[in-house]
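For reference, the structure is listed below as C-alpha cells.
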Amino acid sequence: AFPQPYKLDARRCISYLTIEHKGPIPIEFRTAMGNRIYGCDDCLAVCPWNKFAAVTAEMAFHPRPELKGPLLSELAALDDAGFRQVFTASPVKRIGRDRFVRNVMIAIGNSQDPSLLPAVLERLDDADEMVRGAAVWAFSQLAPDAARADGAARLDAESHPDVGAEWQFILG
Ligand code: SF4
C-alpha cells in the first residue's frame, strides 16, 4: 500500500479492502490478505512511535473471549441473523454479513487447508454474488482440478457477470 516512502495508496491497503471496499476483492490483493478478515494495521504494529503505547485498561477495547481465534468454517456459515448476533456491539457488524463472508472466503482460499473445502462449496450457491465470487476463487485455491472440472457447468448456470468472470478466470 506504500508505493513510495510517506505515500499511502489506500486502494491497496488491506484495512480498506476488507472493511470499506464494497465489491469483489481485486485478484492481485487476495493472496496478500492472508487470513485477515477484518482490517490489518500491521503498519501500526511496526510504527516506531507505538513502542510508547500501553495496553489500555478500558475493557471495551479488549477482544471478547468468544471471538479469540474464531474458526473460519464457522464464520463462513454465518447467515445475516447469525452474523448480527455474533458481532452485536462490535465494529465488525458495520460491514455486514456479505462483505464479511467474502473476506472469510479469501482467508480460506489462502489457508491451504483442504478440510475447509466443504465450507467453500456451500457458499458457491450463496444468494450474494460477492460471496459466490469469492467462493469460486477459494475453490480454485483449495481444489484447482475440481474447480476447473465444475467450471463450465457453473459458468452456464451463473447469471451475475462478476461471478461469471471468476469462473472464466479459472477456466483460462
Ligand atoms: S500495513 Fe496493513 S493497514 Fe497498514 S497500510 Fe499496509 S495493508 Fe494497510
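Mind checking the full-extension length gain between ALA152 and LYS22? Use 0.36 nm per residue of separation minus the Cα-Cα distance, one decimal, nm.
Computed gain between ALA152 and LYS22 is 44.1 nm.
Using +1 at the C-beta of Lys and Arg and -1 at the C-beta of Asp and Glu, which of ALA119, ALA54, ALA107 has the Cα lying farthest in the positive direction of the dipole of the chain?
Final value for the positive-end residue is ALA54.
For the chain, what's the relative contact order in percent, using C-alpha pairs closer than 8 Å and at least 6 residues apart?
Relative contact order here is 20 percent.
Quick one: dipole size for the chain, taken about the Cα centre, charges +1 on Lys/Arg Cβ and -1 on Asp/Glu Cβ, in debye to the nearest 20.
Charge dipole of the chain: 700 debye, to the nearest 20.
Quick one: helix 96-109 against the long Cα principal axis of the chain, what's the angle to the nearest 10°, folded into 0 to 90?
For 96-109 against the chain, the angle is about 80 degrees.
With contacts defined as alpha carbon pairs under 8 Å and 6 or more residues apart, what's the relative contact order of segment 108-147 in percent?
47
If you average the alpha carbon positions of segment 138-165 and of segment 37-94, how far apart do those two centres end up, in angstrom?
Distance between centres, Cα-based: 31 Å.
Rank-order 138-144, 75-81 by packing density, defined as the average count of other C-beta atoms within 10 Å over each peptide's residues, highest first.
The densest-packed peptide leads the list: 138-144, 75-81.
Measure nothing fancy, just the Cα-based angle from helix 144-157's long axis to the longest principal axis of the chain, in degrees from 0 to 90, nearest 10.
70
Given a 1.4 angstrom probe, I'd like the percentage of the accessible area of the chain that is carbon and sulfur, rounded to a whole number.
That fraction is 56 percent.
On C-alpha positions alone, give me the angle between the axis of helix 129-142 and the longest principal axis of the chain, in degrees, nearest 10.
Long axis of 129-142 versus the principal axis of the chain: about 80 degrees.
Pull out the extension gain between ASP9 and GLN168, defined as 0.36 nm times the separation in residues minus the alpha carbon to alpha carbon distance; nm, one decimal.
54.3 nm
List the aspartates and glutamates whose alpha-carbon lies under 13 Å from that of LYS51, not counting same-chain residues fewer than 8 positions away?
Straight-distance partners of LYS51: none at all.
Could you tell me the accessible area of GLU122 in Å² (1.4 Å probe, neighbours in place), rounded to the nearest ten?
Looks like 110 Å² after rounding.
How much of THR56 can a 1.4 Å solvent probe reach, expressed as accessible area in Å² and rounded to 10?
Accessible surface of THR56 is approximately 60 Å².
Accessible area per residue for the chain in Å², computed with a 1.4 Å probe and the full protein assembly in place, what is it?
For the chain, the per-residue accessible area is 60 Å².
The values are calculated or read from the model by the stated rules, or taken from the named source; none is laboratory data. Nothing here was measured: the structure is a model prediction, and the numbers come from that model. Positions of Cβ are generated from backbone atoms using ideal geometry, with glycine treated the same way; all protein chains shown enter the neighbour counts. Just the protein is used for accessible areas: all its heavy atoms, side chains included, with ligands, DNA and RNA removed. Shrake-Rupley method; radii C 1.70, N 1.55, O 1.52, S 1.80 Å.
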